[in-house]
1. Please find, among 195, 200, the residue that is assigned to a loop (DSSP other than H, G, I, E, B) and either within 24 Å of residue 131 (Cα to Cα) or within 15 Å of ligand 2 (Cβ to nearest atom) (or both).
2. So which residues in the stretch 116-162 are more than 14 Å from ligand 2 (Cβ to nearest atom), outside any loop (DSSP other than H, G, I, E, B), out of contact with any helix residue (DSSP H, G or I) (no Cβ under 7 Å at 6 or more places or on another chain) and under 20 Å from residue 49 (Cα atoms)?
3. Quick one: which of 223, 240, 246, 189 is more than 16 Å from ligand 2 (Cβ to nearest atom), in a loop (DSSP other than H, G, I, E, B) and surrounded by 20 or more Cβ atoms within 10 Å (Cβ to Cβ)?
4. Taking the stretch 99-128, which residues are without any contact (Cβ under 8 Å) to a residue 40 or more places away in the chain and within 7 Å of ligand 1 (Cβ to nearest atom)?
5. Could you run through the stretch 66-76 and say how many residues are within 14 Å of ligand 1 (Cβ to nearest atom) and either surrounded by fewer than 21 Cβ atoms within 10 Å (Cβ to Cβ) or not in a helix (DSSP H, G or I) (or both)?
6. Could you go through the stretch 93-101 and let me know if any residue there is touching a strand residue (DSSP E or B) at 6+ places or on another chain (Cβ under 6 Å), within 16 Å of ligand 2 (Cβ to nearest atom) and not in a strand (DSSP E or B).
7. Looking only at the stretch 111-132, decide whether some residue is closer than 25 Å to residue 254 by Cα and surrounded by fewer than 22 Cβ atoms within 10 Å (Cβ to Cβ).
8. Hey, residue 142 hits all of (1) away from ligand 1 (no atom under 16 Å from the Cβ); (2) surrounded by fewer than 18 Cβ atoms within 10 Å (Cβ to Cβ) but one; which does it fall short on?
Ligand SMILES: Cc1ncc(C[n+]2csc(CCOP(=O)(O)OP(=O)(O)O)c2C)c(N)n1
Ligand code: SF4
C-alpha cells in the first residue's frame, strides 16, 4: 500500500514558511496515495514561478518547463502517452497570464489533464507584481497607481470554454484540497482545480485570516447542484464576504481529445512500434534531440 512517504523528495522546499504551496504539495501527494497512483505512474508538468518548483520537492517524474507553457507541454505529454495521468501545476501568472490562450484551448480540446493552479493573485517569484487575478486598484511595484485591468475569472472562463470539471480549493483546507485533486484525477477530461494559495510574503492582504473568515464548502450548501451549468457560472463570480470552495461545476464527461485521434486508437504512442519511421528519419530525429 502506498503512503505519503513514497513521494518524499530529496530536496526540502525553499518556499517561505507559511506559503500555501506547502499544502498544495501535500494535497497532491495525498490525492495520489488515495488514488493508488505510484510515483512512476504519474507525470507532473510545471512552468516558472514559486509554486512551479513543486516537482523538485517530491518523488515523481516531472518536467519543469517555460513560463506560461505548462499546458502545452502537458498536452504533448498526454498525446505521447495517454496511459499516464498528467497533472499540470502552475501559478495564476503562468496559467492565466502568459498561458491564457493555452488555458482556453486546453479546456476546449478536453484533454485528460488535471490542472492545479496556485492562485495567490500575485507574481510571487518575481517579488510581488500584480497578476491576472489581482483585484482592480491593486498597488504593486508595477502598478503604483493601482492595477487598471479587471481580473480574470478563471472558474467562469473554464465553464464558458466547455470544461466538464471546475473546482476551487484552499491551502488552508488540506483534506478538502486533496479530495478535490482526487476527484479531478478520476474525472475523464480536463479538470481545473484553482487553489486559493496565500502568498504570505508579497500578498499579505490575502493571507489565511482573509480566507478563513470567508470560505465555505459548496457541498455543505443546501440545494447547490454542481451539474447546473448556469448556476455554476453564476457561482463562479461569488467573491466577497463569502467565497465558495469545492466542486463548482461537474457534468457528464465528454469525449476527450485523445480518444478522438485515429492515430491513438491503437494505444499510447510510446507503446506503438516505430517501424513506420525509416531508419534515416529516426536517426535525424535522434540527432536533433541530442
Ligand atoms: C517567458 C517568460 N516570461 C516572464 C518571465 C518572468 N516571470 C518568472 S515567474 C513570473 C510570474 C510568477 O507568477 P506566477 O506564475 O503566478 O507564480 P508564483 O511565483 O506566484 O507561484 C514571471 C512573470 C519568465 N521567466 N519567462
Ligand atoms: S514569495 Fe509567496 S508564493 Fe513565493 S514562496 Fe514566498 S509565500 Fe510562497
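Read-outs: derived from the displayed coordinates by stated rules, not from any lab. Keep in mind that what you see is a predicted model, and the values were worked out from it rather than measured. Here the Cβ positions follow ideal geometry from the backbone for every residue, glycine too, while neighbour counts run over all protein chains shown.
1. On the way: 195 fails: assigned to a loop (DSSP other than H, G, I, E, B).
That would be 200, the only listed residue that is assigned to a loop (DSSP other than H, G, I, E, B) and either within 24 Å of residue 131 (Cα to Cα) or within 15 Å of ligand 2 (Cβ to nearest atom) (or both).
2. 143
3. Working: 223 fails: surrounded by 20 or more Cβ atoms within 10 Å (Cβ to Cβ); 240 fails: surrounded by 20 or more Cβ atoms within 10 Å (Cβ to Cβ); 246 fails: in a loop (DSSP other than H, G, I, E, B).
Criteria check complete, one pass: 189.
4. The one that is without any contact (Cβ under 8 Å) to a residue 40 or more places away in the chain and within 7 Å of ligand 1 (Cβ to nearest atom): 126.
5. The initial filter retains those residues of the stretch 66-76 that are within 14 Å of ligand 1 (Cβ to nearest atom), namely 66-73.
If we keep only those that are either surrounded by fewer than 21 Cβ atoms within 10 Å (Cβ to Cβ) or not in a helix (DSSP H, G or I) (or both) too, we end up with 66-69, 72-73.
Qualifying residue count, the stretch 66-76: 6.
6. From the stretch 93-101, those touching a strand residue (DSSP E or B) at 6+ places or on another chain (Cβ under 6 Å) are 93, 95; that's our starting set.
Then keep just the ones that are within 16 Å of ligand 2 (Cβ to nearest atom); that gives 93, 95.
Imposing the further condition that a residue be not in a strand (DSSP E or B) reduces the set to 93, 95.
Within the stretch 93-101, one or more residues are touching a strand residue (DSSP E or B) at 6+ places or on another chain (Cβ under 6 Å), within 16 Å of ligand 2 (Cβ to nearest atom) and not in a strand (DSSP E or B).
7. Taking the stretch 111-132 as the starting set, the residues that turn out to be closer than 25 Å to residue 254 by Cα are 111-117.
From what is left, the residues that are surrounded by fewer than 22 Cβ atoms within 10 Å (Cβ to Cβ) are 112.
Yes, the conditions are met somewhere in the stretch 111-132.
8. (1)
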